[in-house]
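Engineer: Please find one structure pasted underneath; my questions will follow.
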Amino acid sequence: MIKFDRLWETMARENVTTYQLRERCGIDSKTIRRLKANDNIETKTLNRLCAVLNCRLEDIAEYVPDDIIL
């Protein structure tokens, strides 16, 4: 699972609000909700977030293995 907990930490550190993300990135409210729910996000959205926050992908997203038994 990809988790976006680091996004909120990076935003707090950079003093960026979700309102500013919508205005500066063109990210809509639906996408913000998807990020909060750790749902699927397009790579172009991740690219925009990194550009606006001036950060790397690992500063906003983290892979956490699911407990799936194969």
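Engineer: Roughly speaking, to the nearest percent, how much of the chain's 1.4 Å accessible area is carbon and sulfur? Could you put the intermediate results ahead of the total?
Structural biologist: Working: 2360 of 5050 Å².
Ligands and nucleic acids excluded, carbon and sulfur reach 47 percent.
Engineer: Report the accessible area of Lys3, computed with a 1.4 Å probe over the heavy atoms of all protein chains in place, in Å² rounded to the nearest 10.
Structural biologist: It works out to around 60 Å².
Engineer: For the chain, with only Lys/Arg (+1) and Asp/Glu (-1) charged at the beta-carbon, what is the dipole magnitude about the Cα centre, in debye rounded to 20?
Structural biologist: Approximately 340 debye in magnitude.
Engineer: Please work out how much length the chain gains when fully extended from Lys3 to Tyr19, using 0.36 nm per residue of separation minus the C-alpha to C-alpha distance, in nm with one decimal.
Structural biologist: Answer, rounded to one decimal: 3.7 nm.
Engineer: Next question. Testing the spin-label approximation: label points 7 Å from Cα along Cα→Cβ at Ala12 and Asp39. State their distance in nm.
Structural biologist: 2.4
Engineer: Follow-up question, since we're still on this one. Based on alpha-carbon positions alone, could you give the equivalent ellipsoid semi-axes of the chain from the gyration tensor, as √(5λ), descending, whole Å?
Structural biologist: 22, 13, 10
Engineer: Would you mind getting the accessible area per residue of the chain, heavy atoms of the protein chains only, 1.4 Å probe, in Å²?
Structural biologist: Here the per-residue accessible area is 72 Å².
The values are calculated or read from the model by the stated rules, or taken from the named source; none is laboratory data. This is a predicted model, so every value here is computed, not measured. As a convention, Cβ positions derive from the backbone with ideal geometry for all residues, glycine included, and neighbour counts pool all protein chains shown. Surface areas here come from the heavy atoms of the whole protein model, side chains and all, with no ligands, DNA or RNA. Shrake-Rupley method; radii C 1.70, N 1.55, O 1.52, S 1.80 Å.
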